[in-house]
Ligand code: X2X
């Protein structure tokens with residue numbers, strides 16, 4: 001965070017004499033960490049937040065976005081710790097990347113928990129969402145609002161995938177939480193954990209066969225250009241984004257600025273969720289036009305994946321919290 005004086009001087013702009021005393025006002029600049037840049041909905045959410053805060057505070061608060069997890073040298077799973085310790089002031093972060101430090105966030109990564117967008121909303125917009133925010137708060141970061149990275153789909157360079165048997169032996173790059181190692185191991189794949197910064201080079205050299213990410217990421221990052229010609233729409237999980245603030249920074253703000261910052265985060269998050277959902281069908285069409293073979297699953301094929309990954313619930317439900325999982329399932333059932 002940088003604090004710099006901003007002098008407002010009503011001086012002789014039009015050749016007039018000084019008509020009012022010069023007074024100083026404090027402006028503050030805060031760093032905002034993201035993994036993806038504003039070429040992606042994720043980075044756009046952060047830029048929207050910055051824009052709204054700047055506008056509404058009339059320049060008193062400036063948010064400077066640092067994409068590509070550069071504030072943690074690309075190691076996205078260290079973002080939460082860096083925020084807690086004050087190396088980062090704010091972030092728009094994926095639940096996946098914070099889940100090593102906040103185990104409750106693994107809820108969203110339970111395979112096939114959320115069948116559709118309404119199911120994501122049933123969690124984030126209800127009591128379960130509040131409990132998740134309380135867990136983040138307890139671990140040392142102030143959560144303000146939700147955004148969305150999106151449903152993560154599976155791509156690979158080898159062959160079409162429409163059942164667990166097709167995943168056997170595939171080297172798949174997975175993200176932050178060890179839960180993903182369990183999901184892909186349950187499917188018989190050979191998962192390896194790496195940061196997004198390392199994933200594209202590994203796909204290019206063929207060190208790995210596959211990856212999973214939302215359609216927007218597959219499209220904008222041109223994952224098709226590194227040999228990922230097969231894409232299965234299995235919607236096995238979605239990662240929401242969380243707008244968060246370092247606690248010390250939060251406590252240093254006036255009540256008015258806290259409200260301003262949080263309302264801007266809520267508005268930027270709602271804007272981004274709507275935008276990224278509305279772009280999905282065009283994005284899919286673009287991906288198909290590029291020659292990627294897209295596989296959609298029949299209900300039976302989908303069920304085979306659900307059955308094959310059921311064991312992940314046994315292992316992870318106690319770590320996430322049995323009550324929390326049950327509450328999320330009830331909220332989804334009632335959506
Ligand atoms: O690393 C990924 O796959 C990404 C960009 O989606 C996240 O940060 C969760």
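The values are calculated or read from the model by the stated rules, or taken from the named source; none is laboratory data. Keep in mind that what you see is a predicted model, and the values were worked out from it rather than measured. A quick note on method: Cβ atoms are made from the backbone with ideal geometry, for glycine too, and the neighbour counts reach across all protein chains shown.
Is it the case that region 38-50 has a residue that's within 26 Å of the chain's Cα centre (by Cα), surrounded by fewer than 20 Cβ atoms within 10 Å (Cβ to Cβ), at pLDDT 95 or above and not in a helix (DSSP H, G or I)?
Checked region 38-50: at least one residue is within 26 Å of the chain's Cα centre (by Cα), surrounded by fewer than 20 Cβ atoms within 10 Å (Cβ to Cβ), at pLDDT 95 or above and not in a helix (DSSP H, G or I).
For region 94-120, which residues satisfy the criterion of being in a helix (DSSP H, G or I) and either within 16 Å of the ligand (Cβ to nearest atom) or at pLDDT below 95 (or both)?
Of the residues in region 94-120, the ones in a helix (DSSP H, G or I) are 95-98, 103-109, 117-120.
Hits for region 94-120 are 95, 96, 97, 98, 105, 106, 107, 108, 109, 120.
For region 52-81, name all the residues that are away from the ligand (no atom under 16 Å from the Cβ), free of Cβ contacts under 8 Å to residues at least 12 places away in the same chain and part of a helix (DSSP H, G or I).
So in region 52-81, the residues away from the ligand (no atom under 16 Å from the Cβ) come out as 52-64.
Then drop every residue that is not free of Cβ contacts under 8 Å to residues at least 12 places away in the same chain, which leaves 54-55, 58.
Within region 52-81, 54, 55 meet the criteria.
Could you list all residues from region 153-171 that are crowded, with 23+ Cβ neighbours inside 10 Å and either under 16 Å from the mean Cα position of the chain (by Cα) or more than 17 Å from residue 184 (Cα to Cα) (or both)?
Selection gives nothing.
Report, by residue number, each residue of region 203-220 that is surrounded by fewer than 20 Cβ atoms within 10 Å (Cβ to Cβ) and within 12 Å of the ligand (Cβ to nearest atom). Please lay out each step first, then the result.
Of the residues in region 203-220, the ones surrounded by fewer than 20 Cβ atoms within 10 Å (Cβ to Cβ) are 204-207, 220.
Across region 203-220, the qualifying residue is only 220.
Which count do you get for residues in region 121-170 that are assigned to a strand (DSSP E or B) and under 21 Å from residue 45 (Cβ atoms)?
The number of residues fulfilling the criteria is 13.
Quick check on residue 192: is it part of a strand (DSSP E or B), within 16 Å of the ligand (Cβ to nearest atom), on the phi < 0 side of the Ramachandran plot and in contact with a helix residue (DSSP H, G or I) (Cβ under 9 Å, 6 or more places away or on another chain)?
Values: part of a strand (DSSP E or B): yes; within 16 Å of the ligand (Cβ to nearest atom): yes; on the phi < 0 side of the Ramachandran plot: yes; in contact with a helix residue (DSSP H, G or I) (Cβ under 9 Å, 6 or more places away or on another chain): yes.
Here the answer is yes, as residue 192 does meet what is asked.
Kindly indicate whether residue 279 is over 30 Å from residue 84 (Cα atoms), touching a helix residue (DSSP H, G or I) at 6+ places or on another chain (Cβ under 8 Å) and in a helix (DSSP H, G or I). Even if it seems obvious, please write down each step before you answer.
Working: over 30 Å from residue 84 (Cα atoms): yes; touching a helix residue (DSSP H, G or I) at 6+ places or on another chain (Cβ under 8 Å): yes; in a helix (DSSP H, G or I): yes.
Spelling it out, residue 279 is indeed over 30 Å from residue 84 (Cα atoms), touching a helix residue (DSSP H, G or I) at 6+ places or on another chain (Cβ under 8 Å) and in a helix (DSSP H, G or I).
Please determine, by comparing only the residues of region 227-245 that are farther than 17 Å from residue 108 by Cα and either within 14 Å of the ligand (Cβ to nearest atom) or in a strand (DSSP E or B) (or both), which one is nearest to the chain's Cα centre (by Cα). Explain how you work it out, then say what you get.
Filtering region 227-245 down to residues farther than 17 Å from residue 108 by Cα leaves 227-233, 244-245.
Then keep just the ones that are either within 14 Å of the ligand (Cβ to nearest atom) or in a strand (DSSP E or B) (or both); that gives 228, 230-233, 244-245.
On the way: 228: 22, 230: 24, 231: 21, 232: 21, 233: 19, 244: 12, 245: 15 Å.
Checking each candidate, the answer is 244.
In the list 147, 176, which residue meets the criterion of being within 15 Å of the ligand (Cβ to nearest atom), modelled with pLDDT under 95 and closer than 17 Å to residue 95 by Cα?
Numbers: 147 fails: modelled with pLDDT under 95.
Selected residue: 176, the only one of 147, 176 that is within 15 Å of the ligand (Cβ to nearest atom), modelled with pLDDT under 95 and closer than 17 Å to residue 95 by Cα.
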